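Here is the structure we will look at.
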Amino acid sequence: MNYSILLSQMLEASLMSLRLFFSTLLFSVPLGLLVAAGRRSRVKLVSWPVRIYILLMRGTPLMLQLLFIFYGLKPLTGIQLDRVFAAQVAFILNYAAYFAEIFRGGIDAVPRGQYEAAKVLGFTRRQTFFRIVLPQVCKMILPPMSNEFINLVKDTSLAQVIGVTELLRVTSDWVSSAVSMVPFAVAAVFYLAMNAVVTRCFAVAEKRLDYYR
């Protein structure tokens, strides 16, 4: 087994995993906030479609969603997405649903009295949300968001089901060709390193937001 080639290919594949990770976060976090707002809406024409979307995304396997978006869209719409783009769409839609429920729980946990106090002080609804509510929500949702970020790092391995060359797919190919478990150990180190960075970032964020206790 040529370890230099192994490490080179796994490093390149881990860059694809990171690409899926960051592109998912870039779009799923703000989308999740919008979905949370829709979920809390008192207008049923808004809240019920959002509830159905959340149910579908959380109630079906991510692997099934990947397969449907890549293989199922063409027969239904005639649109054939690129493998990587299809994976990104599936991850974004899936994680936005989870983030939406986390955001909703955080927003609902803010005492109602703070909204009333902000109104008395002359804050607009926009100012109340962004200056008073959102900072507290960010503090409260850090632990569950940390879990989802860590899960996302690991879930990027599911992209191999539609042929995306990410870290686990390269690892599996090496295990098959070299008949050795060493690539699995190396892959584990890569995943642990990525999640160690995620964990450290959230630890720093929690420390910075300690003043909201």
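Rule-based calculations on the coordinates, nothing more; no lab input. Here the structure is a predicted model, which is why all the values come from computation and not from measurement. Here the Cβ is made from the backbone with ideal geometry for all residues, glycine too, and neighbour counts use every protein chain on show.
Give the residue, chosen from Val137, Val186, that is farther than 20 Å from Ala100 by Cβ and of a type in the set (A, V, I, L, M).
Val186
Considering only residues of region 84-109 that are of a type outside the set (D, E, K, R) and surrounded by fewer than 17 Cβ atoms within 10 Å (Cβ to Cβ), which is nearest to the chain's Cα centre (by Cα)?
Taking the candidates together, the pick is Phe85.
So which residues in region 154-205 are within 16 Å of Leu20 (Cβ to Cβ) and among the aliphatic types (A, V, I, L, M), if there are any at all?
Correct list: Leu158, Ala159, Val161, Ile162, Val164, Leu167, Leu168, Val170, Ala187, Met194, Val197, Val198.
Of the residues in region 1-37, how many are surrounded by fewer than 13 Cβ atoms within 10 Å (Cβ to Cβ) and either within 21 Å of Ile92 (Cβ to Cβ) or among the hydroxyl-bearing types (Ser, Thr, Tyr) (or both)?
The qualifying residues number 7.
To keep it simple, each residue is scored yes or no on (1) among the hydroxyl-bearing types (Ser, Thr, Tyr); (2) without any contact (Cβ under 8 Å) to a residue 12 or more places away in the chain; (3) within 30 Å of Ala193 (Cβ to Cβ); (4) out of contact with any Pro (no Cβ under 8 Å at 6 or more places or on another chain).
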site	(1), (2), (3), (4)
Gly78	no, yes, no, yes
Arg125	no, yes, no, yes
Pro135	no, no, no, yes
Lys139	no, no, yes, yes
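What are the pairs, 6+ residues apart or on separate chains, where a residue within region 149-175 that is under 20 Å from Asn195 (Cα atoms) has its Cβ under 8 Å from a residue that is not in a helix (DSSP H, G or I)?
Every condition considered, the pairs that remain are Thr156/Glu166; Ser157/Glu166; Ala159/Glu166; Gln160/Glu166.
Considering only region 54-69, state which residues are farther than 30 Å from Trp174 by Cα and surrounded by 19 or more Cβ atoms within 10 Å (Cβ to Cβ).
Of everything in region 54-69, those that are farther than 30 Å from Trp174 by Cα and surrounded by 19 or more Cβ atoms within 10 Å (Cβ to Cβ) turn out to be Ile54, Met57.
So, in region 60-83, how many residues would count as being part of a helix (DSSP H, G or I) and more than 16 Å from the chain's Cα centre (by Cα)?
Number satisfying all stated conditions: 13.
Return yes when Arg51 is in a helix (DSSP H, G or I), touching a residue at least 60 places away in the same chain (Cβ under 8 Å), surrounded by fewer than 19 Cβ atoms within 10 Å (Cβ to Cβ) and basic (Lys, Arg) and no when it is not.
no
So, in region 16-34, how many residues would count as being aliphatic (A, V, I, L, M) and in contact with an Asp or Glu (Cβ under 9 Å, 6 or more places away or on another chain)?
So the count comes out to 2.
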